[in-house]
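**Q** What follows is a single structure, and I will ask about it in a moment.
The values are calculated or read from the model by the stated rules, or taken from the named source; none is laboratory data. Since we're looking at a predicted model, the values are computed, not measured. Cβ coordinates were reconstructed from backbone atoms using ideal geometry, including for glycine residues, and neighbour counts include every protein chain displayed.
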Amino acid sequence: MAIADIEKSDPEVAAVVRKELERQRNGLELIPSENFASPAVMAAVGSVLTNKYSEGYPHKRYYGGNEFIDQVEDIAIERAKKIFGVEHVNVQPYSGSPANFAVYMAVCEKGDTVTGLNLVDGGHLTHGWKVSAGAIFFNSVPYHVRPDGYIDFDNVREIARKHKPKLIWCGATAYPREFPFKEFGEIADEVGAYLVADIAHISGLVAAGVHPSPVPYAHIVTTTTHKTLRGPRGGMIMVTKKGIEKDPDLPAKIDKAVFPGLQGGPHDHVTAGIAVALKEAMQPEFREYAEQIVKNSRALASALADEGMKLVTGGSDNHLLLIDLTPFGKGKGLFAQEALDLAGMTVNKNTIPAEPASPFYPSGVRLGTPAVTTRGMKEEEMKLIGKWMADVIKEAVKYEMPDDREKRKDAIALFRKEIAENSVVKETRQKVLELCKRFPLYPDLE
Ligand SMILES: *Cc1c(COP(=O)(O)O)cnc(C)c1O
């Protein structure tokens, strides 16, 4: 992917791409759903495969000229089957959200009851949040976490027994602990529901054997390919042996839901990128990377705790941490996020269990270690980052977030004006820059 090629026909867009490259190089990417795909993955996505139409599936296409597209899709499918130990894989979903919607289409009728972890408790939009298609077309009854941040199994069991959902989602976007797939499997079996494990965040950890696999317990597994798995932006749907035992038609139902149910032509260039990423995931270095993600997450958790930061559940088993800022007052996630951004550390504000403020002005910050681990950073760097984050957060939380709308506007304006000039923030920005220079990103890319 040469930016120079973009430049020849479009200097304006090339300049923006260059700026984004510099932003990625000069900052610490701590958003847990982000990562840096390899140059090989990016080259596959930027390849001539983007030119092809191939509606249908390998060896059953609606267009001619698909000899090589069939090969690349077969390779991606075979690798995914091997890595995750599943019976059937669909690699065509355009991303994680369409993959999940295809699952609804495959196993539910309009109006059927479904349950998933509530968004504000760390669940994903597509697991039935009220404004999403999952709740508009289906009857969504969300379950919750306990005040201590762990899944509330009494609540899951109660909802499952009372509402008899057709489909139970498990998986999350903001859960710092190992996901208890086994317990979910037992509940799903008891009420005859399909269990879908959405491992979008942790699929790289699962692939490497660093997080337990949901495959023995779930009927269906969905994932994105661009988070810890470190591929291009895309999605996959997998059917397990248990899924086929429950419903031998499940693979066909999934495939039909993706195409022609929901999508047209697959993004073959992305399929190639997924195939390359899966090959990378089979290498011993990938396992080291996945293990390091978890070590880094634990190191960052203890560095933050040493600086007096409260963590939801008290720590992390995976790639992700949630800082609970309520000891400093409520609704201060935005202040922390913006101050950290100015200091060169990208995170996102997030709700915490029993959120006392609102999803838009939440009281937590979500962060994770996949991207900095890909960059080569280890425990030693996590110690520095934890200290710097705490320094900046302590400046940010000096500001109060009012409930009143007008007062809130003024408070945010004042915060933005002052924090930009804050000396701790400015000094931290320099330290971050120096650290980034020691871990060059995409050194060959210009
Ligand atoms: C990121 C994510 C998705 C959605 O992926 P998109 O590619 O953003 O559509 C779905 N489920 C979970 C749990 C996620 O974390």
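**Q** Hey, among the residues in the stretch 146-188 that are assigned to a helix (DSSP H, G or I) and of a type in the set (D, E, K, R), which one's nearest to His211 (Cα to Cα)? Talk me through it step by step, then tell me what you get.
**A** As a first pass, look at the stretch 146-188 and keep what is assigned to a helix (DSSP H, G or I): 153-163, 181-188.
When the remaining residues are screened for being of a type in the set (D, E, K, R), the result is 154, 157-158, 161-162, 182-183, 186.
Working: Asp154: 24, Arg157: 24, Glu158: 27, Arg161: 29, Lys162: 31, Lys182: 13, Glu183: 15, Glu186: 19 Å.
Ranking the qualifying residues of the stretch 146-188, first place goes to Lys182.
**Q** Which residue is surrounded by the fewest Cβ atoms within 10 Å (Cβ to Cβ), if the candidates are limited to the stretch 88-113 and must be closer than 30 Å to Asp148 by Cα and within 14 Å of the ligand (Cβ to nearest atom)? Spell out how you get there, then give the answer.
**A** Start the filter on the stretch 88-113 by keeping residues that are closer than 30 Å to Asp148 by Cα, which leaves 96-97, 100, 113.
This time we only want the ones that are within 14 Å of the ligand (Cβ to nearest atom), so: 96-97, 100.
Details: Gly96: 28, Ser97: 19, Asn100: 30.
Here the answer is Ser97.
**Q** Can you name the helices (runs of 4 or more DSSP H) wholly within the stretch 341-446 that have at least 2 residues being among the polar types (S, T, N, Q)?
**A** 370-374, 423-438
**Q** Considering only residues that are over 17 Å from Ser38 (Cβ atoms) and among the small types (Gly, Ala, Ser), look in the stretch 216-244 and name the one that is farthest from the ligand (Cβ to nearest atom).
**A** Ranking the qualifying residues of the stretch 216-244, first place goes to Gly243.
**Q** Let me ask something else about it. Looking only at the stretch 114-125, filter to residues that are surrounded by 20 or more Cβ atoms within 10 Å (Cβ to Cβ) and outside any loop (DSSP other than H, G, I, E, B); which one of those is nearest to the ligand (Cβ to nearest atom)?
**A** If we filter the stretch 114-125 for residues that are surrounded by 20 or more Cβ atoms within 10 Å (Cβ to Cβ), which is where we start, we get 114-124.
Next, only the ones that are outside any loop (DSSP other than H, G, I, E, B) stay: 114-115, 117, 119-121.
On the way: Val114: 14, Thr115: 15, Leu117: 9, Leu119: 10, Val120: 14, Asp121: 13 Å.
Among residues in the stretch 114-125 that are surrounded by 20 or more Cβ atoms within 10 Å (Cβ to Cβ) and outside any loop (DSSP other than H, G, I, E, B), the one nearest to the ligand (Cβ to nearest atom) is Leu117.
**Q** Taking the stretch 289-334, which residues are in a helix (DSSP H, G or I) and over 23 Å from the mean Cα position of the chain (by Cα)?
**A** First, pick out the residues of the stretch 289-334 that are in a helix (DSSP H, G or I): 289-306, 312-314, 326-328, 333-334.
Result: Ala303, Ala305, Asp306, Thr326, Pro327, Phe328.
**Q** In the stretch 217-273, what count of residues is obtained for those that are under 27 Å from Val294 (Cα atoms), surrounded by fewer than 22 Cβ atoms within 10 Å (Cβ to Cβ) and over 20 Å from the mean Cα position of the chain (by Cα)?
**A** Final tally of qualifying residues: 0.
**Q** Can you tell me which condition Thr351 does not meet? The list is (1) in contact with a strand residue (DSSP E or B) (Cβ under 7 Å, 6 or more places away or on another chain); (2) modelled with pLDDT of 95 or more; (3) not basic (Lys, Arg), and all the others hold.
**A** Here Thr351 clears every test but (2).
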